[in-house]
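**Q** Dropping the structure in here first, questions after.
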Amino acid sequence: MNHKKRMLAALKCQPVDRIPHGEQMLHDVLIQKILKVKMPKAEENALVRWMTEELSDFQFECHKKAREFLGFDFIHVFPREPWIKIDESKEGYPIYRDVWGMEAISTPFTYEILKKPVEKPEDLKTYQFPTIDDFKYDNLHKWVHKSDFFVVVQIETGFFKINQFMGFNNYMFYLYEHRRELLDFTARFFDHVFNLAKKVIQEGADCVWLSNDFAYNTGPFISPKDLWEMDFSFMKDVVRKIHDLGKPVVLHGCGNQNYTLDMLLDCEIDGLHSLQPTAGNDICQIKEKCGDRLCLIGNIDISELLPFGSPYDVDQAIKDLVEKVGKKNGLVIATCNLLDMDIPIENAITMHFAVDKYSARYL
């Protein structure tokens with residue numbers, strides 16, 4: 001199997017020759033250590049740059065080689081959001097305006113929204129979403145045309161993105177005092193999500209990766225009933241439309257998924273990431289519940305195991321996951337977020353090498 005066939009089979013919960021694996025992002029600092037090269041701006045905010053800056057040919061080749069070395073099957077990219085620098089903080093950090101009209105400050109380790117485009121209830125009706133052409137697809141094109149990876153494209157969606165437009169407190173206020181206006185805003189937003197999904201598919205994406213952090217470690221931020229009405233019912237329609245275009249859909253969601261799993265199955269997504277183990281997600285129980293209805297993606301801990309464990313600890317965690325879940329169809333191994341700069345390079349390498357080692361042994 002090649003990367004694309006292997007990922008498609010896993011997402012359909014069909015047999016694979018080995019368990020596919022990869023990451024949402026691989027930090028430049030780790031790439032430097034793998035390839036013994038110097039990456040430009042490696043110490044800056046890697047996620048922000050991955051979302052907003054065009055990859056140079058040198059950066060692209062470094063990212064490609066590092067992923068090939070680790071044996072990745074998929075590459076995770078964004079429809080690029082160009083930022084306009086409008087000011088600097090007193091500490092010298094840049095302040096940007098993005099395509100959504102949000103103003104934010106970016107530091108090497110943080111991203112903080114300073115101004116939100118929806119400041120009062122009236123803005124829910126008048127706000128204009130960016131056009132599809134406000135995004136850039138140059139990085140996507142590189143991965144589609146210059147690599148053989150399975151290309152997943154992330155689109156931020158649902159509760160996670162919508163509350164950024166107005167802030168969490170205002171979202172809760174609108175949820176109860178301006179519910180009709182918030183529902184109409186949400187409907188317009190999901191129209192935008194689908195139009196962007198349709199565009200990235202036209203540009204060569206193999207899969208749409210919806211990102212929606214709607215839960216924390218003990219459950220969803222709002223009630224499951226509200227979450228369905230204000231989010232998942234719209235997402236279900238978008239998933240159906242993407243399926244009609246012939247592409248699978250993965251949902252990324254941090255936090256505890258146990259209270260929303262039945263609703264996610266009803267939405268008919270193909271894969272679920274991140275299955276954060278420190279948030280009460282027992283991947284074995286979830287697999288028993290979902291069977292071949294849902295491919296499970298992620299689950300490798302980045303809070304304790306990868307940053308503080310030994311390579312042996314990491315190796316044994318992968319062995320355990322392959323033995324317990326990998327023998328059943330529908331698993332993609334990854335961290336529960338990303339391979340960040342605080343993870344020792346030997347643990348990152350051990351993790352991904354172990355997937356292939358134990359796949360060969362137990363599949």
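The values are calculated or read from the model by the stated rules, or taken from the named source; none is laboratory data. Being a predicted model, the structure only gives us computed values, none of them experimental. So basically every Cβ, Gly included, is an ideal-geometry build from the backbone, and we count neighbours across all protein chains shown. Heads up: the accessible areas ignore ligands, DNA and RNA and are worked out on the full protein's heavy atoms, side chains in. Shrake-Rupley method; radii C 1.70, N 1.55, O 1.52, S 1.80 Å.
**Q** Could you pull out the residue among Val16, Val37 that is among the β-branched types (Val, Ile, Thr) and either touching a Cys at 6+ places or on another chain (Cβ under 6 Å) or surrounded by fewer than 21 Cβ atoms within 10 Å (Cβ to Cβ) (or both)?
**A** Just a single option satisfies the conditions, and that option is Val37.
**Q** Does Thr131 satisfy the criteria of being open to solvent by less than 30 Å² (accessible area, probe 1.4 Å) and under 23 Å from the mean Cα position of the chain (by Cα)?
**A** Taking the combined requirement at face value, the residue does not satisfy it.
**Q** From the list Leu306, Leu272, Leu265, which one is under 25 Å from Asp73 (Cβ atoms), at pLDDT 95 or above and assigned to a strand (DSSP E or B)?
**A** From the options Leu306, Leu272, Leu265, the qualifying one is Leu272.
**Q** Okay, moving on. Are there any pairs, at least 6 apart or on different chains, whose C-beta atoms fall under 7 Å, with the first in region 337-355 and farther than 13 Å from Ala66 by Cβ and the second acidic (Asp, Glu) and open to solvent by less than 50 Å² (accessible area, probe 1.4 Å), and if so, which?
**A** Filtered contacts from region 337-355: Leu338/Glu23; Thr350/Asp315; Ala354/Asp315.
**Q** Select from region 234-261 the residues that are at negative phi, open to solvent by 10 Å² or more (accessible area, probe 1.4 Å) and either without any contact (Cβ under 8 Å) to a residue 60 or more places away in the chain or assigned to a helix (DSSP H, G or I) (or both) and list them in ascending order.
**A** Phe234, Lys236, Asp237, Arg240, Lys241, His243, Asp244, Leu245, Lys247, Asn256, Asn258, Tyr259
**Q** Sticking with this one: From Gln276, Gln285, grab the single residue that is crowded, with 18+ Cβ neighbours inside 10 Å, under 20 Å from Gln257 (Cα atoms) and out of contact with any Asp or Glu (no Cβ under 6 Å at 6 or more places or on another chain).
**A** Going through Gln276, Gln285 in turn, just one is crowded, with 18+ Cβ neighbours inside 10 Å, under 20 Å from Gln257 (Cα atoms) and out of contact with any Asp or Glu (no Cβ under 6 Å at 6 or more places or on another chain): Gln276.
**Q** Further question: Which count do you get for residues in region 207-233 that are open to solvent by 50 Å² or more (accessible area, probe 1.4 Å) and assigned to a helix (DSSP H, G or I)?
**A** Qualifying residue count for the region: 4.
**Q** Just one of Phe189, Phe165, Phe160 is more than 24 Å from Asp57 (Cα to Cα) and open to solvent by 10 Å² or more (accessible area, probe 1.4 Å); which is it?
**A** Being more than 24 Å from Asp57 (Cα to Cα) and open to solvent by 10 Å² or more (accessible area, probe 1.4 Å) holds for just one of Phe189, Phe165, Phe160, which is Phe160.
**Q** If Ala334 satisfies every condition in (1) open to solvent by 60 Å² or more (accessible area, probe 1.4 Å); (2) in a strand (DSSP E or B) but one, which is the exception?
**A** (1)
**Q** Give me the pairs, please: first residue somewhere in region 84-107 and assigned to a loop (DSSP other than H, G, I, E, B), second residue anywhere and open to solvent by 60 Å² or more (accessible area, probe 1.4 Å) and not acidic (Asp, Glu), beta-carbon distance under 7 Å, and either six or more positions apart or on two chains.
**A** Close Cβ pairs (under 7 Å, with a partner that is open to solvent by 60 Å² or more (accessible area, probe 1.4 Å) and not acidic (Asp, Glu)) amount to Met102/Lys115; Met102/Lys116; Thr107/Tyr93.
**Q** Looking at (1) surrounded by fewer than 16 Cβ atoms within 10 Å (Cβ to Cβ); (2) under 21 Å from Trp209 (Cβ atoms), can you tell me which one Leu26 breaks?
**A** So the condition that Leu26 fails would be (1).
Yes/no matrix, rows are residues, columns are (1) in contact with a Ser or Thr (Cβ under 9 Å, 6 or more places away or on another chain); (2) over 22 Å from Leu26 (Cβ atoms); (3) open to solvent by 50 Å² or more (accessible area, probe 1.4 Å):
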| site | (1), (2), (3) |
| --- | --- |
| Arg67 | yes, no, no |
| Leu70 | no, no, no |
| Arg80 | yes, no, no |
| Thr107 | yes, no, no |
| Ile113 | no, yes, no |
| Tyr127 | no, yes, no |
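**Q** Sort through Lys225, Lys236 and tell me the only one that's touching an Asp or Glu at 6+ places or on another chain (Cβ under 9 Å), within 29 Å of Pro277 (Cβ to Cβ) and of a type in the set (D, E, K, R).
**A** It is Lys236.
**Q** Within region 97-143, which residues are at pLDDT below 95 and of a type in the set (Phe, Trp, Tyr)?
**A** Hits for region 97-143 are Phe109, Tyr111.
**Q** So in region 82-103, with the set limited to residues that are of a type in the set (Lys, Arg) and under 24 Å from Ile132 (Cβ atoms), which one is least open to solvent (accessible area, probe 1.4 Å)?
**A** Arg97
**Q** Give me the residue from region 288-304 that is in contact (Cβ under 8 Å) with a residue 12 or more places away in the chain and open to solvent by 40 Å² or more (accessible area, probe 1.4 Å) and, out of that set, nearest to the chain's Cα centre (by Cα).
**A** Only one residue fits best here, namely Ile302.
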